[in-house]
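S.K.: Have a look at this one.
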Amino acid sequence: MKRILSTLSAFTLLLVLVGGSISFFPVSLMSDTPKPPVAKIIPKHDTAHKEVRTDNYFWLRDKTNPEVIKHLEAENAYTQAMMSDTKDLQEKLYNEMKSRIKETDLSVPYQDNGYFYYSRTAEGKQYAIYCRKKGSMDASEQVTIDLNVLAEGKNFIRLGAYSISPDGKLLGYGLDFDGSRKFTLYVKNLETGELLKDQIPETAGAFAWGNDNKTIFYNVYDSSLRSYKILRHELGFDAKSDAEVFHEKDEKFDCYVGKTRSDRYIIISTTSKTTGEAWYLDANHPKEAFRCIEPRKVGHEYSVTHHEGNFLIMTNDKAKNFRLMSAPVDKPGMKNWKEVIAHRPKVKLDDIDAFEKYWALSVRENGLTAIEIYDVATKKSHRIAFPEVAYLSYTSTNAEYKSTKLRYGYTSLITPNSIYDYDVEKHESTLLKRQEVPGGYMPEDYAVERIFAKAKDGAQIPISLVYKKGVRKDGSNPTFLYAYGSYGISIDPTFNSSRVSLLDRGFIYAIAHIRGGGEMGKQWYEDGKLLKKKNTFTDYIASAEHLIAQKYTTPQKLVANGGSAGGLLMGAVVNMRPELFKAVHAAVPFVDVINTMFDATLPLTTSEYEEWGNPNEKKFYNYMKSYSPYDNVAAKAYPTMLLTTGLNDSQVPYWEPAKFCAKLRAMKTDNNTLIFKINMGVGHGGASGRYDALKDRAFEYAFFLKTLGITQ
């Protein structure tokens with residue numbers, strides 16, 4: 001059971017870990033400030049490239065060890081004690097954030113096969129309710145699944161696959177009940193409301209229907225949570241006899257299964273960080289064998305969708321930022337590929353949505369998203385116009401292949417998420433719904449900027465900024481600097497109603513679009529990975545320095561935030577330039593790089609050799625060691641820090657921040673606060689309920705506000 005301290009009276013007992021065991025000390029007998037848990041030191045030695053490495057906190061990896069759980073609970077108790085004076089502030093922030101969400105709301109319905117599908121939320125309910133109506137939105141509602149009902153008695157629930165059978169009578173869906181990314185697949189008869197006996201545990205969550213309405217394809221994990229097999233299941237039969245239709249033996253690859261919008265083909269995509277391969281099957285003949293479109297070749301990435309009698313193939317062959325090719329379905333190999341849209345050095349082709357009469361191309365140029373409409377008949381294209389200097393546009397749910405309207409979304413740092421229908425023939429957009437923000441939020445009260453910082457090698461780093469109008473560039477502004485910078489993932493400037501609680505307290509909110517991300521094209525990503533990974537960290541530092549030099553803020557008012565691989569970023573920059581930041585929050589941080597990348601049994605490790613490098617090769621080992629946060633903790637002053645994680649995290653195990661925290665406590669020379677918060681019932685994404693997630697955000701904001709002395 002957790003021991004939580006809510007006050008700091010003279011009689012409050014504080015949990016302290018001494019010599020590996022838990023002891024209790026009255027606060028009044030020590031100092032006025034609680035003492036943090038001290039992790040016992042148990043040296044573990046290993047050898048890499050003839051170098052002996054010692055890990056004093058390796059023992060924290062074993063969560064079956066009661067002493068580990070006691071230590072984690074002691075950390076939570078210490079965190080509660082250190083943050084107890086923010087209890088009222090947390091409650092105030094939570095109520096502010098909750099007041100800005102429309103608690104009872106309805107998503108924009110989309111049409112598919114004669115039904116209107118949508119989800120809705122209800123006041124006081126943590127989770128969405130999924131529904132449909134037949135023929136029109138005036139028809140009676142049918143609830144397909146209510147996550148609130150399914151979550152009863154559970155601390156966590158996540159919906160994975162949600163797929164309706166072609167005849168509309170069955171629903172296949174996946175549920176994760178602990179945050180481990182292991183989904184149980186269920187099939188529900190939507191006519192009777194009954195669950196079929198076909199329940200398949202511990203899948204990876206993907207799901208595709210054959211057109212016979214009784215065959216489903218799904219993917220499963222190996223022991224390291226790599227999606228490595230695709231299986232075929234026929235309803236009514238024991239899942240233990242399911243046929244294996246694809247087996248990915250290369251540990252660098254993961255495989256996935258999906259269905260084309262035309263509903264004609266099942267596609268298996270198997271990809272590493274640098275290479276792709278696709279296999280296809282006619283969905284009308286689900287028991288036939290899958291066929292390969294083009295055998296893999298190292299460094300060749302391609303993806304496939306279907307249009308009429310052809311496959312459309314996005315490829316990086318002779319095209320760093322990808323080009324679009326076409327090939328006949330009966331002869332889809334590369335020798336038959338014909339170019340449809342040529343490579344553009346300054347425009348990255350991210351995705352294609354293929355419809356009968358047009359294609360919607362999702363592209364990036366100068367760090368911003370755009371949607372290009374390609375007319376199949378005329379072979380001409382145009383872009384949908386967007387009004388702001390920093391924003392995100394994206395194609396939304398478009399289920400019907402023959403539609404002449406494109407459903408798309410738009411948002412910015414000040415514009416709430418907005419859903420439009422775009423008439424491709426009239427070139428007109430119609431706003432269907434804009435996220436309602438109760439409580440008096442007015443976009444015109446805030447300003448957005450897009451500026452550039454100069455990296456040490458001359459690269460121009462985009463920074464998106466939002467703040468309340470009236471802010472002066474005199475160095476007096478508290479500033480929140482967020483970044484990610486890995487896997488080619490782009491962090492776009494989107495709206496978040498919770499963020500208003502910072503903006504209204506005078507904060508500038510900034511996103512640094514650093515290398516390692518994909519905002520500026522494929523080369524931008526490649527310049528921040530493997531043996532160029534340090535560009536990610538120095539780009540972030542350059543962004544912080546630029547904000548200071550331009551008098552947006554000062555180091556005493558600058559706070560930093562990043563999660564997962566962005567948590568690696570946080571760990572690296574506090575080792576490199578701790579004096580730049582007043583406070584840092586590293587969420588589910590990947591900070592134990594060397595140990596994790598040496599352990600091939602862990603999820604993601606082997607598949608990510610192409611992202612970070614393989615430490616079994618000396619050049620990668622030496623480079624990783626030069627930046628790995630855990631390996632570079634030193635006897636020096638660090639900023640105030642918050643580390644957060646979940647016990648069931650399968651992507652960045654809890655022990656990475658736990659070990660990082662223990663080593664920091666042992667070595668840092670300052671008296672700045674360092675707290676570690678672990679949720680004992682969730683995984684990588686944190687709390688699953690919308691109210692629980694807001695409480696977590698309120699805690700994190702309160703941490704920053706307390707550190708900066710902002711109490712009003």
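Rule-based calculations on the coordinates, nothing more; no lab input. Here the structure is a predicted model, which is why all the values come from computation and not from measurement. Positions of Cβ are generated from backbone atoms using ideal geometry, with glycine treated the same way; all protein chains shown enter the neighbour counts.
S.K.: With a cut-off of at most 16 other beta carbons within 10 Å, and DSSP calling the residue loop, which trypsin sites (Lys or Arg not before Pro) in segment 567-656 qualify? Please list them. Mind dumping the intermediate values first?
M.R.: Details: sites: Lys582, Lys618, Lys619, Lys625, Lys636; in loops: Lys582, Lys636.
Those satisfying the criteria are Lys636.
S.K.: What do you get when you divide the Cα radius of gyration of segment 506-596 by 2.2 N^0.38 Å, with N the number of residues?
M.R.: Normalised by 2.2 N^0.38 Å, the Cα Rg of segment 506-596 equals 1.08.
S.K.: Anything over 30 Å Cα to Cα? Flag those among Lys188/Lys252; Lys214/Lys335; Lys273/Lys619; Lys229/Lys335, in the order listed.
M.R.: Lys188/Lys252; Lys214/Lys335
S.K.: What percentages make up the Cα-Cα pair-distance distribution of segment 580-712 when the bins are 5 Å wide from 0?
M.R.: 2, 10, 17, 19, 18, 15, 11, 5, 2, 0, 0
S.K.: Report the one residue of Ile341, Gln111, Thr554 whose Cα lies farthest in the direction of the positive end of the charge dipole of the chain (charges on C-beta: Lys and Arg +1, Asp and Glu -1; origin at the Cα centre).
M.R.: The Cα lying farthest towards the positive end belongs to Thr554.
S.K.: Right, here's the next one. Convex hull volume of the Cα atoms in segment 356-407, per residue, in Å³?
M.R.: 79
S.K.: Would you mind giving the average projected area, over all directions, of the Cα convex hull of segment 154-311 in nm² with one decimal? Walk me through the numbers on the way to the answer.
M.R.: Numbers: hull surface 39.7 nm².
Over all viewing directions, segment 154-311 projects a mean Cα-hull area of 9.9 nm².
S.K.: Can you tell me the length gained on complete extension of the stretch Asp599 to Lys380, counting 0.36 nm per residue apart and subtracting the Cα distance? Mind showing how you got there, number by number?
M.R.: Details: separation 219, 0.36 × 219 = 78.84 nm, distance 5.10 nm.
Here the segment from Asp599 to Lys380 would lengthen by 73.7 nm.
S.K.: Another one. By the gyration tensor of its Cα atoms, with a ≥ b ≥ c the square roots of the eigenvalues, what is the shape of segment 232-321: rounded for a/c under 1.5, prolate for a/b over b/c, or oblate?
M.R.: Since a/c reaches 1.5 but b/c is at least a/b, the shape of segment 232-321 is classed as oblate.
S.K.: Related question: Taking 8 Å as the Cα distance limit and 6 or more residues as the minimum spacing, I'd like the relative contact order of the chain as a percentage.
M.R.: Averaging sequence separation for qualifying contacts and normalising by length gives 10 percent for the chain.
S.K.: Continuing with the same structure: Above 17 angstrom, tally the Cα pairs of segment 224-276 and express them as a % of all pairs, no decimals.
M.R.: 47
S.K.: Can you give the FRET efficiency for Lys133 and Asp692, using 1/(1 + (r/R0)^6), R0 = 35 Å, r = Cβ-Cβ distance, to the nearest 0.05?
M.R.: Here the calculated transfer efficiency is 0.70.
S.K.: For segment 104-146, what are Rg and Dmax over the alpha carbons, in angstrom?
M.R.: Here Rg and the maximum Cα pair distance are 10.3, 33 Å.
S.K.: Here's another thing I want to ask about it. Given the C-alpha centroids of segment 563-585 and segment 525-553, what is the distance between them in whole angstrom?
M.R.: 12
S.K.: Only Lys, Arg, Asp and Glu count, each charged at its Cβ (+1, +1, -1, -1), so figure out the dipole size of the chain about its Cα centre, rounded to 20 debye.
M.R.: With Lys and Arg at +1 and Asp and Glu at -1, about 1640 debye.
S.K.: Also: Once Rh for segment 407-488 is found with the Kirkwood sum over Cα pairs, what is the Stokes-Einstein diffusion coefficient at 4 °C and 1.567 mPa s, in µm²/s?
M.R.: Value of D from the Cα-based Kirkwood radius: 80 µm²/s.
S.K.: Still on this structure: Calculate for the chain the 222 nm mean residue ellipticity that helices alone would give, adding -39,500 (n - 2.57) per DSSP H run of length 4 or more and normalising by residue count, nearest 500 deg cm²/dmol.
M.R.: -5000 deg cm²/dmol
S.K.: About the Cα centre of segment 154-311, what is the dipole size in debye to 20, counting +1 per Lys and Arg Cβ and -1 per Asp and Glu Cβ, all else neutral? Working shown, then result.
M.R.: Details: 22 positive and 24 negative charges, 59 e Å.
For this selection, approximately 280 debye.
S.K.: Classify segment 58-172 as rounded, prolate or oblate, taking a ≥ b ≥ c as the square roots of the eigenvalues of its Cα gyration tensor: rounded when a/c is under 1.5, otherwise prolate if a/b is larger than b/c and oblate if not. Working shown, then result.
M.R.: Values: a/c = 4.25, a/b = 1.83, b/c = 2.32.
Oblate.
S.K.: Could you point to the label whose value was computed as percent of Cα pairs over 34 Å apart for the structure here, given (1) 54; (2) 50; (3) 63?
M.R.: (2)
S.K.: In degrees from 0 to 90, rounded to the nearest 10, what is the angle of the helix 66-82 Cα long axis to the longest principal axis of the chain?
M.R.: The angle comes out at about 70 degrees.
S.K.: OK, next. Sequence gap at least 6, Cα distance under 8 Å: using those rules, report the relative contact order of segment 346-436 to the nearest whole percent.
M.R.: Here the relative contact order equals 19 percent.
S.K.: Using only the C-alpha atoms of segment 394-453, find the volume of their convex hull and express it per residue in Å³.
M.R.: Taking the convex hull of the Cα positions in segment 394-453, it is 132 Å³ per residue.
S.K.: Mind pulling the angle between the C-alpha long axis of helix 655-667 and the longest principal axis of the chain? Nearest 10 degrees, somewhere in 0 to 90.
M.R.: So the helix axis and the longest Cα principal axis differ by about 20 degrees.
S.K.: What FRET efficiency do you get for Asp167 and Ser107 if R0 is 22 Å and r is their Cβ-Cβ distance, rounded to the nearest 0.05?
M.R.: Plugging the Cβ-Cβ distance into 1/(1 + (r/R0)^6) gives 0.40.
S.K.: Which angle between 0 and 90 degrees, to the nearest 10, do you get for helix 534-549 versus the longest principal axis of the chain when only C-alpha atoms count?
M.R.: In the chain, helix 534-549 runs at an angle near 70 degrees to the longest axis.
S.K.: If I take every Cα pair under 8 Å that is 6 or more residues apart in segment 104-146, average their sequence separation and divide by the length, what percent do I get for the relative contact order?
M.R.: Rounded, it is 30 percent for segment 104-146.
S.K.: Quick one: Kirkwood hydrodynamic radius for segment 346-436, alpha-carbon pairs, angstrom, one decimal?
M.R.: It is 13.5 Å.
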